1. Counting only C-alpha contacts under 8 Å and six or more residues apart, can you give the relative contact order of region A:95-158 as a whole percent?
2. Determine ³J(HN,Hα), in whole Hz, for all residues of region B:397-405 in sequence, where each value follows from phi through the Karplus function 6.51 cos²θ - 1.76 cosθ + 1.60 and θ = phi - 60°; x replaces Gly and Pro.
3. Which whole-number value in Å² is the accessible area per residue of region B:327-463, probe 1.4 Å?
4. What shape does region A:1-79 take by its C-alpha gyration tensor, where a ≥ b ≥ c are the square roots of the eigenvalues and a/c under 1.5 counts as rounded, a/b above b/c as prolate, and the rest as oblate?
5. Under the rule of at least 5 residues apart or a separate chain, name every residue whose amide H is placed under 5 Å from the amide H of A:A154.
6. What is the set of long-range amide H partners of B:H198 at a cut-off below 5 Å, with H atoms built 1.01 Å from backbone N?
7. What number do you get for region B:327-463 when its Cα radius of gyration is normalised by 2.2 N^0.38 Å, N = residues?
8. On average, how much accessible surface per residue is there in region A:2-170, in Å², for a 1.4 Å probe, leaving out ligands, DNA and RNA?
Amino acid sequence: MATMGNNNLNAKLVLLGDMGAGKSSLVLRFVKGQFIEFQESTIGAAFFSQTLAVSDATVKFEIWDTAGQERYHSLAPMYYRGAAAAIIVYDITSTDSFAKAKKWVQELQKQGNPNMVMTLAGNKADLEDKRKVTTEEARVYAEENGLFFMETSAKTAINVNDIFHEIAKRLPRAQPAQNPAGMVLVDRAGERSRAAGFSYSNSIDCLRVVRRGLSSFHGETVRRFDANIRKVDPYVTDWSTFFLAL
Amino acid sequence: MESDSDISTSFDVATDQNPNTNPPETTEEQLQTLTVDETYGVADLNETSNQRGMDEAENGSVVAEVDGRPEPQIEELLAGGPPTISAVSEAVEEVLDLSSAGDTLRDDFELEADPPLSPSSSGYAGERGSSITTSASGIEEVDGDEIDEIDEAMAPLDGSGDASSDSVPWIPGKKHVDEDDASISWRKRKKHFFVLSHSGKPIYSRYGDEYKLAGFSATLQAIISFVENGGDHVKFVRAGKHQVVFLVKGPIYLVCISCTEEPYEALRGQLDLIYGQTILILTKSVNRCFEKNPKFDMTPLLGGTDAVYSSLIHSFSWNPATFLHAYTCLPLAYPTRQAAGAILQDVAESGVLFAILMCKHKVVSLVGAQKASLHPDDMLLLSNFIVSCESFRTSESFSPICLPRYNPMAFLYAYVHYLDVDTYLVLLTTSSDAFYHLKDCRIRIEMVLLKSNVLSEVQRSMLDGGLRVEDLPPLDPSPRSGFLSLHLGQERLVTESQERLKEAYLGIGGPAGLWHFIYRSIFLDQYVSSEFSPPINSSSQQKRLCRAYQKLYASMHDRGIGPHKTQFRRDENYVLLCWMTQDFELYAAFDPLADKALAIETCNRVCQWVRDVENEIFLLGASPFSWYGCCLWCCKEWRWC
């Protein structure tokens, strides 16, 4: 869960995906700027931390790079529990890994933190000639499921920092008030104590905060909210009509 | 061939027969695929010489308590002991001495001495003839051996790399994945390991691709279940030079096919460790998958662990811990180890089950929560797992791990962090959400270790190495001063004469032709072995010595004819001397021409030396992982409390 203090934000981030998709390579590229052609299999999960500066705040990522092997699957909840963000990684040269990524998305939707910022990363984008999963296919899937999507390459470093930056931007956080509407909504949702001084970089983040408020008083509403929130285009601006429909 | 009595009756025919006659057809068919090499005889010859050596030892030397002192001494009884004879004559004598199996063995011996075997001399002639021609086979076999030497014998015995400069570093990971049971190179490998399920599905193979070996796996399964259907268990099958050892662990079957002449007990122990490694990765609850679905495919569950297995199998040929069931410590000054122990103890009181600080496979310090004890085999498997998985080096990790001897059914969680290139800290806990606590513990430990210079001492000790036979001090009846710490980075009392002596030994080992020794303390569950010095400096020589010790260990612990107290054995490679008391076991290797009386005296010196530096080479004192009440710490004596 993302925790806030002044302009610093601590966010737990988990990487999930099939073995060999390139989770460790992505993290190592991001954290250490390295790339190893034959990266050894991760055992259990490796922990990294990296701080990013986004506009006027800093986000400290506590990154869990999980092992993709089947035997660790049942232990994944241990690592994604309470995560503020998840990167689900697949290998664009393997349809199996894309299918596996979809399963991870499903599992997170069912079990994970509903406020989680979920991101889909199509890794190994440098291997264009071996591509099996088209960009279009993945983009459509990501849009349907409310995921942020990027194709990355840990080898050439393309989009690696960008994807982490984008996550940092999307994390709900404390900022000077710019959007009074957001404030009102949060207030109504019973989050008074934390309402003052909130603004949201996009609508989906706002809805997440609203949901967090809802959960404190009405189970049925939360359920309906959850069912609808995933259908929302993350870039929609007119979220208030959606919310009124509840 | 006393071992034949162990084998299931169903296979007696295959093993007890003179290899010159054809084994019955069914067995031959079953074993055809197992046959890799056709040279006979050496294994059996060694078995018998082994027994002979023990007889001699029983007659030749006894353990006597001198003046009621706690340290026992070997005393040679000149009257009872046979005269020392040269290696050559003894070897010949061994062959001639055999009365019951003598004919077989002599035939074998002759065959061995006659390299171009005629195809008809072998029970497996058909296969041999069909695959390669007689004239070509000599070359092929040499090639095969070369392949193996490179595969198995590349790392120096102690792993520090300074002992042998001529060896290429051993590369972890699976090799020869392209092979299968049809490839000649695969058949020529000296030592195969297989793990398969009770339905015959391959789980792991040392060489070759598991899926391609499905047919071969099914054959192994058929052999095992054929014997089990008769209400019996197959332990091993001997096919000429090859030994096939079976181990059944519930739904998991383990098989070793080897022509390395290692004793059955040693190979079985290795299979046990491979099974233990599997349990460490998956826990025994994997059995439930087989209960639900007997055709369950376990291979995907072990994905990415090839390096773990290959490193374990590699350690069978260099790490004495694999057969001694003891661990070894990095030599450190006593206060340094105490400082490390104190901070680990501190952490263990805050809910950590085990806190282990290790350098490669050597323990720096280790602490367990109250009443929790850690078995040396678990430590071997745990350190092998951590050292062989590169991913632990990149960052701090938190991974489920099962300690098979502690609780084979449940996972513990291991926090692993490398403090420098070789030194790593392992914190084990039962709680899956203790990561942040363990991380804090690690930060505290690391700070203390840095401040108290433990880490730099550890690095220095890695460079300096451990005990060296050249440094063996003369036997001194006077009590020793505490700081006579030889060679451990402390002030060294090296007199000029000692220095000169050392030069004299250069290249020929220590005094009296002592080449190497291993001392195992029984109640500490620890051993110390000397560094390898010339002439044991190439990796293949180290591997050969390791195997000789392994054989010695097996013969000393043989339940059928043992246990024995001493053994003196001379062959063309070494004089091996083993001495067991209720406190320790000493294994020493000498020049093959070493004098027996001198060798025994030297062993006494080694024991004295080890006792003098015990503070630095062993982890003493609070050892909550030891099963025994040890008085070393309080009474400063090697006896039971």
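1. Once normalised by length, the contact order is 41 percent.
2. Taking θ as phi minus 60°, the curve returns 10, 9, 9, x, 9, 10, 9, x, 8 Hz for region B:397-405.
3. Numbers: 4680 Å² over 137 residues.
Roughly 34 Å² per residue, with all protein chains present.
4. Working: a/c = 3.47, a/b = 1.57, b/c = 2.20.
In terms of gyration-tensor shape, oblate.
5. Those lying under 5 Å, H to H, from A:A154 are A:K124, A:A125.
6. B:Y253
7. Details: Rg = 13.6 Å, N = 137, 2.2 N^0.38 = 14.3 Å.
Working it through for region B:327-463, the quotient is 0.96.
8. Numbers: 6700 Å² over 169 residues.
Result: 40 Å² of accessible area for each residue.
The values are calculated or read from the model by the stated rules, or taken from the named source; none is laboratory data. This is a predicted model, so every value here is computed, not measured. Glycine also receives a Cβ, built like all others from the backbone with ideal geometry; neighbour counts cover every protein chain displayed. Quick note on the areas: whole protein, heavy atoms, side chains included, nothing else; ligands and nucleic acids left out. Shrake-Rupley method; radii C 1.70, N 1.55, O 1.52, S 1.80 Å.
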